[in-house]
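Throughout, read-outs are computed from the coordinates displayed, never taken from laboratory work. The structure displayed is predicted, hence computed values, not measured ones. All Cβ positions, even for glycine, are placed from backbone atoms using ideal geometry, and neighbour counts span all protein chains on display.
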Amino acid sequence: MSFPDAVKACLNQYAGFSGRARRSEFWFFYLAYVLAVVVATIVGTVIKFPYLGILVVLALVVPMLAVEIRRLHDTGRSGWFIFIGVIPLIGPIILLVFLVQDSQPQPNQYGPSPKGVVGYQQPYPA
């Protein structure tokens with residue numbers, strides 16, 4: 001999934017907490033989220049409106065949570081595992097490990113694999 005496709009997919013599923021999200025979709029959206037907050041903070045400082053960065057965070061918090069929960073679903077975990085990040089010191093590390101793990105290749109209780117059909121390989125070009 002490309003960067004623009006990932007951002008579009010996450011914003012189209014603004015509050016979609018069901019289903020699965022590939023690693024690329026999550027990490028590209030996370031990159032866009034961080035860039036948007038940094039740019040908004042800089043622009044807000046320049047135009048003397050320091051709350052612009054906070055407004056962008058508030059606008060993107062729901063799609064960020066939604067894609068993070070869908071990413072946990074893709075690894076076969078419940079969305080409630082997002083709260084493991086609240087545990088001091090070790091919680092965010094465990095959550096990061098969960099988020100960087102590869103997808104379950106087979107369909108799970110949250111839906112089919114977003115990578116496509118299990119066992120299918122692209123034919124080699126002739």
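Just a few scattered comments:
- Value of relative contact order over the chain, rounded to a whole percent, pairs C-alpha under 8 Å and six or more apart: 27 percent
- The helix-only estimate of mean residue ellipticity at 222 nm for the chain, built from DSSP H runs of length n ≥ 4 each weighted as -39500 (n - 2.57), is -18000 deg cm²/dmol after division by the residue total.
- Length available on full extension from Ser24 to Tyr51: 0.36 nm per residue minus the Cα-Cα distance, which gives 6.7 nm.
- Sites matching chymotrypsin sites (Phe, Trp or Tyr not before Pro) across the stretch 21-82 that sit in DSSP coil, with at most 16 neighbouring C-beta atoms within 10 Å: Tyr51
- Shape summary of the chain, radius of gyration then Dmax from alpha carbon positions: 16.8, 60 Å.
- The chain: angle of helix 23-46 to the longest principal axis, Cα-based, in degrees nearest 10: 10 degrees
- Tilt relative to the chain, helix 90-100 - C-alpha long axis, 0 to 90 degrees, to 10: 50 degrees
- Added length on full extension, which subtracts the Cα-Cα distance from 0.36 nm per residue, Phe83 to Val100: 4.5 nm
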